[in-house]
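Heads up, the thing below is written out as C-alpha cells.
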Amino acid sequence: MSNILLTGATGYVGGTFLDQVLKSEEPSLKSLTIDTAVRTAEQAQKLKETYGDRVNPIKWKGLEDTTTVADTAANYDLVVNVGSGFIPAGAKALVEGLGRRKDGPAPWIVHIAGCTNLADRPLTQDAHPEREWDDEKDAGAIFDFMKEADAREPYPQRSAEVGVLEAAEASGVNAVSLNAPLIFGEGSGLFNRAGLVIPIALRYAITHGYGFKLNETANFDYVHVSDLAALYVLVVRTILERPDRGVGFIPTGRKGIIFPAVARILNTEIMERCVDAAFAGGVLPREGTPKEREVRQVSLQEIADEIMFSQVAVAERGWAGHKAMKGTLGPKLFGWKPQYTEEAWKQEFHDEFVALRDGRRGITLDACIGLRGN
Ligand SMILES: NC(=O)c1ccc[n+]([C@@H]2O[C@H](COP(=O)([O-])OP(=O)(O)OC[C@H]3O[C@@H](n4cnc5c(N)ncnc54)[C@H](OP(=O)(O)O)[C@@H]3O)[C@@H](O)[C@H]2O)c1
C-alpha cells in the first residue's frame with residue numbers, strides 16, 4: 001500500500017482528482033486512503049464528513065511554511081502537488097522532504113504547472129507566434145528554455161516547476177510535472193469547482209458589453225478539468241501498479257514535463273464565444289453597450305489593472321502570449337483519451353453563463369452589470 005499526500009484537495013483540479021480517485025473501482029485505488037493537506041479545520045471536517053476513512057486530512061499553515069511542508073512530505077512515498085503552482089519554496093520543500101527517505105518505495109512527486117510558463121511576451125519583448133512545444137520531441141529543451149527564461153525574469157509558477165524538477169533530479173526523487181493549458185468545465189470536488197480563464201473572460205464581456213483582445217494571435221490549448229484529473233489518476237496508477245513504480249517509464253527531472261493538451265484556440269475565439277453566450281442569454285446588448293457583437297482592442301495595462309491585479313507580466317503571458325503545446329506523452333505512455341473535446345468546449349460558454357446567472361460563481365449577473373443588490 002502506498003502512502004500518498006495530496007495538496008490542493010479543496011481546489012478545482014485537486015478536488016476533481018480526489019473525487020475521481022475515490023470513485024475509482026481500480027484495484028490499486030479502491031481501498032486507498034489519501035492524506036490531504038488543508039489549511040482550515042472546516043475544510044478538514046467537510047472532507048472527513050464526505051469521504052470518511054478514504055481521506056485523512058492533515059491541517060497545515062500552507063506551502064509557505066516550508067519546515068512543516070518538508071517534515072510532512074518526509075512521511076510519504078508519493079506527493080500529488082496540485083494545489084497552488086505558484087509557491088516555489090513550498091514546492092521545493094515537498095521534494096526536500098521526499099528526498100529524506102532512505103528506504104521504502106521510490107519516492108515520487110507529481111506536480112502541477114501551467115502553460116503561461118512557456119509564453120512569450122509579444123507586446124513588450126519578443127514575439128514567437130509560431131512556437132509550439134512537443135512534450136516528447138522537445139523533452140529536456142522545454143526545461144532548458146524555462147530555466148533560462150526564469151533566470152532572466154523569475155515567474156513564480158515557472159520557478160516552482162523548474163525548481164521541483166531540478167531539486168528532484170539532484171536528490172534522487174522522481175518528479176513529473178503536468179504543465180496544464182487552459183482548464184475548462186465544472187469540477188467535481190467539494191470546494192472550488194470553477195475554472196479561471198472563461199469565467200474571467202465572460203464576466204468582462206458582460207460587464208463591458210464587448211470582449212477584449214490584446215493582439216490577434218494569442219493562443220491557448222485547452223483541457224477539461226475532468227480529463228486533466230483523469231490523466232493525474234493514470235500517472236498515479238502507473239506509479240502504484242508497475243513493479244518499477246514507473247521509474248524509467250515516466251519521464252522525470254528535466255525531461256519530466258507532460259502537456260495535457262487537447263486542442264488549440266485563439267484568445268479572440270474565447271472572447272467571441274463569451275460575447276455570443278451573453279447575447280444568447282439575453283444580457284447583451286443592453287443600454288449603453290454595442291448593439292453588435294464586438295471584440296475590442298484594449299491596452300495591456302487596462303487588462304492587467306482590471307482583471308489581473310495589476311500584474312502586467314502575468315496579464316501579457318496569458319492574454320497576449322503564445323504558448324502552444326502538443327501533448328504526445330499522455331496518450332502514448334498512459335493511454336490517456338480525453339472525453340471532452342470540441343463539442344464540450346463550445347458548450348462550455350453557455351454552461352458558464354448559466355452558472356454565473358444561477359449564482360454559482362460567487363458573483364451575480366446583476367453585479368456584473370452594475371445592479372448590485374437587486
Ligand atoms: N485553473 C486553471 O485554469 C489552471 C490552468 C493551468 C494551470 N493551473 C495550475 O494549477 C494550479 C491549481 O489550479 P486550481 O484551478 O485547481 O486552483 P484553485 O481551485 O484555486 O485551488 C488551489 C488549491 O491550492 C490551495 N492553496 C492555495 N494557496 C495555498 C498555499 N499558500 N498553501 C497551500 N495550499 C494552497 C488551495 O487551498 P485553499 O482552499 O485553502 O485556498 C486550493 O486547494 C494553479 O495554481 C496553476 O499553477 C491552473
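Any read-out appearing in this document is the output of simple, stated calculations on the displayed coordinates, not a laboratory observation. Please read all numbers here as calculations on a predicted model, not as lab measurements. Positions of Cβ are generated from backbone atoms using ideal geometry, with glycine treated the same way; all protein chains shown enter the neighbour counts.
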* To do: Please give the FRET efficiency for Gln301 paired with Lys326, using the beta carbon to beta carbon distance and R0 = 30 Å, rounded to the nearest 0.05.
  => 0.40
* Determine the calculated [θ] at 222 nm for the chain from helices alone, applying -39500 (n - 2.57) to every DSSP H run no shorter than 4 residues and normalising by the residue count; nearest 500 deg cm²/dmol. => -12500 deg cm²/dmol
* **Two-decimal Rg/Rh across the chain, once Rg and the Kirkwood Rh are taken from alpha-carbon atoms** => 0.97
* **Largest-first principal axis extents, alpha carbons of region 244-362, Å** => 64, 32, 26
* Structure fact -> Phi angles of region 329-337, converted by Karplus (6.51 cos²θ - 1.76 cosθ + 1.60, θ = phi - 60°) into ³J(HN,Hα) in whole Hz with x for Gly and Pro, give 6, x, x, 5, 8, 10, x, 5, 10
* How big is the charge dipole of the chain about its Cα centre, in debye rounded to the nearest 20, if each Lys and Arg gets +1 on its Cβ and each Asp and Glu gets -1 on its Cβ? -> 620
* Asked: In µm²/s, what is D for region 33-92 at 20 °C and 1.002 mPa s, where D = kT/(6 pi eta Rh) by Stokes-Einstein and Rh is the Kirkwood radius from Cα pairs?
  -> 177
* Asked: Efficiency by 1/(1 + (r/R0)^6): what FRET value for Glu216 and Asp103, r their Cβ-Cβ distance, R0 = 45 Å, to the nearest 0.05?
  -> 0.20
* **Listed residue pairs exceeding 23 Å between alpha carbons, taken from Lys30/Lys332; Lys92/Lys332; Lys137/Lys323; Lys147/Lys326** => Lys30/Lys332; Lys92/Lys332
* **Efficiency of FRET between Asp71 and Ser28 - r from beta-carbon atoms, R0 30 angstrom, step 0.05** => 0.65
* Asked: Which value, in debye to the nearest 20, describes the size of the charge dipole of region 162-311 about its Cα centre when Lys and Arg Cβ atoms bear +1, Asp and Glu Cβ atoms bear -1, and nothing else is charged?
  -> 300
* Asked: Taking the highest mean first, how do the peptides 268-276, 220-228 order by number of other beta carbon atoms within 10 angstrom per residue?
  -> 220-228, 268-276
* Just need log10 I(q)/I(0) for region 1-124 at q = 0.09 Å⁻¹, Debye formula, equal scatterers on the alpha-carbon atoms, no solvent, rounded to two decimals. => -0.26
* How do Thr289, Thr40 line up, fewest other C-beta atoms within 10 Å first? -> Thr40, Thr289
* Least to most buried among Leu266, Leu94, Leu63, Leu240 (fewest other Cβ within 10 Å first) -> Leu266, Leu240, Leu63, Leu94
* About the Cα centre of region 1-131, what is the dipole size in debye to 20, counting +1 per Lys and Arg Cβ and -1 per Asp and Glu Cβ, all else neutral? -> 200
* Rounded if a/c is under 1.5, else prolate if a/b is larger than b/c, else oblate: which is region 116-200, with a ≥ b ≥ c the root eigenvalues of its Cα gyration tensor? -> oblate
* To do: For region 189-340, build the charge dipole from Cβ charges (+1 Lys, Arg; -1 Asp, Glu) around the Cα centre, then report which of Pro199, Gln297, Pro260 sits farthest towards its positive end.
  => Pro260
* For Arg361, Arg245, order by how many other beta-carbon atoms lie within 10 Å, fewest first -> Arg361, Arg245
